[in-house]
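The values are calculated or read from the model by the stated rules, or taken from the named source; none is laboratory data. Please read these numbers as outputs of a predicted model, since none were measured by experiment. Note: ideal-geometry Cβ built from the backbone for every residue, glycine included; neighbour counts use all protein chains shown.
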Amino acid sequence: MKSALITGITGQDGGHLAKLLHEKGYDVYGIIRGQHNPKRLITEVEFPYVKLIEADLTDQSSLIRAMNTAKPDEVYNLAAVSHVGYSFKNPQLTSDVTGKGVLNILEAIRLSGGEKTVRFYQASTSEMYGGLEYNRPENGYTEDAVFHPRSPYGVAKLYAHWIALNYRESYDMHISCGILFNHEGPRRGIEFVTRKVSNAVARIELGKQEVLELGNMDAKRDWGYAGDYVEGMWRMLQQDKPGDYVLATGETHSVREFVELAFKEIDITIEWRGEAEREEGVDADSGKVLVKINPEFYRPAEVDLLLGNPSKAEKKLGWSRKVDFSDLVKMMVQHDLELEKSKL
Ligand code: NAP
Ligand code: GDD
């Protein structure tokens with residue numbers, strides 16, 4: 001039986017990956033942090049087969065202990081301060097966890113004697129590209145496109161990416177970086193735009209909420225389903241040779257399109273009126289204002305457009321996304337309708 005250690009077990013991808021690895025017969029360990037983590041009980045109930053180890057990406061001794069306990073064949077580093085907006089408000093914490101935390105875990109692998117045996121996955125991100133016009137390839141970002149991060153999060157992830165590559169080259173370690181474009185689903189945190197929208201739509205339908213407030217609705221993202229993406233992570237670590245792979249859908253959609261499709265799920269057509277901060281989304285039938293702009297959700301620097309090119313992963317890993325954009329929106333709204341009904 002193979003053993004795997006997942007950091008970020010309480011996060012969106014951690015849950016999907018734990019389930020996948022358990023189904024594949026792995027002994028699954030997960031790192032949980034904090035003296036009082038309310039997600040601990042939820043994780044214990046939902047994933048009873050995961051053995052939890054208390055550790056923190058900023059505490060190297062705890063990571064060495066985790067390595068010695070789990071004795072993993074594979075380590076998936078999913079832990080991070082992962083919210084781009086939050087990273088502007090807590091830039092140093094973001095650097096410590098999302099950036100330097102990766103160095104801590106790589107050193108923990110070496111110090112616990114796993115340098116030649118452990119395979120390591122680093123959760124790199126499309127945020128490293130930055131979406132600027134000058135570095136935007138026509139057919140989408142590939143593994144060798146130019147990086148230009150636009151947030152403390154993106155910068156920290158770029159450090160993490162390069163230190164992972166450096167350890168691969170310096171110590172011949174089996175380290176792969178997945179450059180993943182946005183992936184969503186019912187497990188997505190409510191602070192991210194897709195889940196914020198699907199949850200608000202469900203609550204509006206059930207009369208629990210009046211209006212959805214958003215920031216920049218013209219940003220475009222390459223949105224896939226998280227369940228598809230963890231399969232790609234696993235495939236990367238099954239290759240004889242480590243490498244870097246973009247996982248994406250090859251399509252890009254605006255936040256505005258996501259909102260329109262989500263309201264369609266509850267038979268509401270949204271019409272837009274007004275401009276910039278005074279723009280509103282109105283129910284075409286009733287004339288009720290359902291969407292407003294709140295500049296509080298704007299970011300000091302924005303990534304306007306992300307579009308990934310997953311050709312390498314498709315060819316070398318035999319990976320492709322299964323869920324498309326409209327099915328993703330449907331899945332999320334339907335899930336939140338059930339969830340919110342169960343709380344009535
Ligand atoms: P997520 O839901 O925000 O989960 C982040 C996880 O990191 C949580 O389990 C959190 O634990 C843990 N964590 C935070 N600080 C920690 C620390 N100091 N020590 C140990 N654990 C810590 O993120 P996700 O969406 O699953 O994404 C997984 C990874 O992929 C992240 O690294 C993210 O940056 C990257 N990524 C995500 C996407 C995407 O679209 N989802 C795309 C590209 C890359 P707590 O529960 O204790 O807070
Ligand atoms: N969160 C949020 N909340 N975003 C909003 C809102 C809002 O109310 N209104 C508009 N947006 C816009 C953001 O400005 C951004 O352009 C876009 O919606 C997506 O925001 P998020 O859902 O927060 O995701 P992200 O693209 O910034 O970051 C996610 O994807 C990255 C991969 O590209 C995160 O999962 C990162 O961890 C990940 O690396």
Q. Of all residues in the range 1-35, which are away from ligand 2 (no atom under 16 Å from the Cβ), farther than 19 Å from Arg65 by Cβ and either at pLDDT 95 or above or β-branched (Val, Ile, Thr) (or both)?
A. Lys2, Ala18, Lys19, Leu20, Leu21, His22, Glu23, Lys24, Gly25, Tyr26
(Q) Here is a list: Leu337, Leu290, Leu305, Leu328. Which entry is surrounded by 13 or more Cβ atoms within 10 Å (Cβ to Cβ) and in contact with a Phe, Trp or Tyr (Cβ under 6 Å, 6 or more places away or on another chain)? (A) Leu328
Q.
Taking the conditions exactly as written (part of a loop (DSSP other than H, G, I, E, B), of a type in the set (Lys, Arg), surrounded by fewer than 24 Cβ atoms within 10 Å (Cβ to Cβ) and within 15 Å of ligand 2 (Cβ to nearest atom)), does Arg187 satisfy them or not?
A. yes
**Q.** Residues located in the range 92-139, provided they are hydroxyl-bearing (Ser, Thr, Tyr), within 16 Å of ligand 1 (Cβ to nearest atom) and assigned to a helix (DSSP H, G or I)
**A.** Thr94, Ser95, Thr98, Ser126
(Q) Conditions first: (1) in contact (Cβ under 8 Å) with a residue 60 or more places away in the chain; (2) crowded, with 21+ Cβ neighbours inside 10 Å; (3) within 12 Å of ligand 2 (Cβ to nearest atom); (4) not in a loop (DSSP other than H, G, I, E, B). Met233 passes all but one, so which condition is the exception? (A) (3)
**Q.** Of the criteria (1) touching a Lys or Arg at 6+ places or on another chain (Cβ under 9 Å); (2) modelled with pLDDT under 95, which one Pro38 fails
**A.** (1)
**Q.** Verdict on Ile105 being over 20 Å from the mean Cα position of the chain (by Cα) and under 30 Å from Lys2 (Cβ atoms)
**A.** no
**Q.** Cross-chain or 6+ apart pairs with Cβ under 6 Å, the range 8-27 first and on the phi < 0 side of the Ramachandran plot, then of a type in the set (Lys, Arg) and away from ligand 2 (no atom under 15 Å from the Cβ)
**A.** Thr10/Lys39; Tyr26/Lys2
Q.
I'd like to verify a number: residues in the range 285-301 that are touching a residue at least 60 places away in the same chain (Cβ under 8 Å), assigned to a loop (DSSP other than H, G, I, E, B) and either among the acidic types (Asp, Glu) or within 15 Å of Gly274 (Cα to Cα) (or both), how many?
A. 1
(Q) With the requirement that a residue be of a type outside the set (S, T, N, Q), more than 23 Å from Lys2 (Cβ to Cβ) and surrounded by fewer than 14 Cβ atoms within 10 Å (Cβ to Cβ), what does the range 13-69 give you? (A) Gly34, His36, Pro38, Leu41, Ile42, Val45
Q: Quickly run through the range 196-214 and pick out the residues that are touching a residue at least 40 places away in the same chain (Cβ under 8 Å), more than 16 Å from ligand 1 (Cβ to nearest atom) and crowded, with 17+ Cβ neighbours inside 10 Å.
A: Val201, Ala202, Arg203, Ile204, Glu205, Leu212, Leu214
(Q) When you check Ser87 against the structure, is it crowded, with 16+ Cβ neighbours inside 10 Å, in contact (Cβ under 8 Å) with a residue 40 or more places away in the chain, of a type in the set (S, T, N, Q) and over 20 Å from Arg187 (Cα atoms), yes or no? (A) yes
Q: Could you tell me whether Val146 is part of a helix (DSSP H, G or I), at pLDDT 95 or above and not aromatic (Phe, Trp, Tyr)?
A: no
